[in-house]
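K.L.:
Here it is: the structure, laid out below.
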Amino acid sequence: MRKAFVETLCRLAAGDDRIVLLTADLGYMALEPFRDRFPRRFFNVGVAEQNMIGVATGLAEAGFLPYAYSIAPFAALRPFEFIRNGPVLHGLPVRIVGMGMGFEYGFSGATHYALEDVAALRTLPGLTIVIPATSSQAAAALSATCHLRGPVYYSLGKDDRICMPGLDDRFELGKIEVTRRGDDVALVTMGSVGQEVASAAEKLAERGVEAAVIVVSSFHPDPVDDLAEALSRFRLAVSVEAQSVAGGLGSFVAMVIASRGLPCRLRILAVGASPDGTSGSQLDRWRKHGLDSESIVRNVLEAIHDQPLAEI
């Protein structure tokens, strides 16, 4: 989604001279189009993510719209206190861009995995969180949230080739998107792992199981009403995310089911084990943690076996 991010930001910046871009010495071979077009609005603060958020907070206070860019764990976790005490508590329009959701920096090892960023930042209710599933949705989300009054965190993927059938560029803050209809099971997902969910839905259809695919792309505002209405038609839901099992999408889905008293069982597919020192590609990491399409299919069929399909 890097190319989509930079192209969209350049377009937005051409019409709004308040937009500036900061980077913590990252984004080479990606951010140059903005730097070259708007050199006086581009700042490399060095490997100092906490200071970058501090600078962005000051720029926002001065009337600018700063976008602060880094690899996701460094953008969200290293400066967490600065995010909380600066843009969140003061309601300032700082845009924090976390690149490389989930295991996208798989070969770089556990320090570069973004498995806790969404869960951690969901504890800050004044911070809008946007998690696009594809590049086209990322472009739409950036445009839709550019002029929000408060702070925003964007969890973006690196890969611009990810495709999710039925999603296109649809994005509405605080809403879900249903990309596939089905009556047997609801697959709820967020982020680029959605491509594996879409593939799993196709494979399930070949086995006679029709799965609905629901994409959650934002929090704060949370899509509670939308999701509750969608899940009210199902006896089984499976959430899929490349995030820690604690505090992420699965926790949100469980909260919706419990708070609305829905008669819907939930199986959460997420990262439940700590990194073990190995590394690999994103797909390799998905397979290791049961988030690839085959693992999703197996889990859905196991869940259905717990309760006969005719009763779902």
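K.L.:
When the range 173-193 is examined, which residues are found to be farther than 21 Å from GLU104 by Cβ and in a loop (DSSP other than H, G, I, E, B)?
P.N.:
LEU173, GLY174, LYS175, ARG181, GLY182, ASP183, ASP184
Residue by residue, here is whether (1) farther than 17 Å from PRO66 by Cβ; (2) assigned to a strand (DSSP E or B); (3) not β-branched (Val, Ile, Thr) holds:
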{"position": "ASN85", "(1), (2), (3)": "no, no, yes"}
{"position": "LEU92", "(1), (2), (3)": "no, no, yes"}
{"position": "VAL118", "(1), (2), (3)": "yes, no, no"}
{"position": "GLN137", "(1), (2), (3)": "yes, no, yes"}
{"position": "ALA140", "(1), (2), (3)": "yes, no, yes"}
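K.L.:
Next question, about the same structure. Could you tell me whether any residue of the range 194-206 is outside any helix (DSSP H, G or I) and either hydrophobic (A, V, I, L, M, F, W, C) or farther than 21 Å from SER251 by Cα (or both)?
P.N.:
no
K.L.:
Go through the range 34-54 and give me each residue that's open to solvent by 70 Å² or more (accessible area, probe 1.4 Å) and touching a residue at least 24 places away in the same chain (Cβ under 8 Å). Write out each step before concluding.
P.N.:
Initially, the range 34-54 is screened for residues open to solvent by 70 Å² or more (accessible area, probe 1.4 Å), giving 35-37, 39-40, 43-44, 47, 50-51.
Residues satisfying the conditions are ARG37, GLN50.
K.L.:
Something else: Within the range 1-76, which strands (runs of 3 or more DSSP E) (wholly inside it) include 2 or more residues that are in contact with a helix residue (DSSP H, G or I) (Cβ under 6 Å, 6 or more places away or on another chain)?
P.N.:
19-23, 65-71
The values are calculated or read from the model by the stated rules, or taken from the named source; none is laboratory data. None of these values were measured; they are calculated from a predicted model. Cβ sites come from the backbone with ideal geometry, for glycine too, and all protein chains shown count toward neighbours. Ligands, DNA and RNA are stripped out before the accessible areas are found, and what is left, the full protein with its side chains, is counted by its heavy atoms. Shrake-Rupley method; radii C 1.70, N 1.55, O 1.52, S 1.80 Å.
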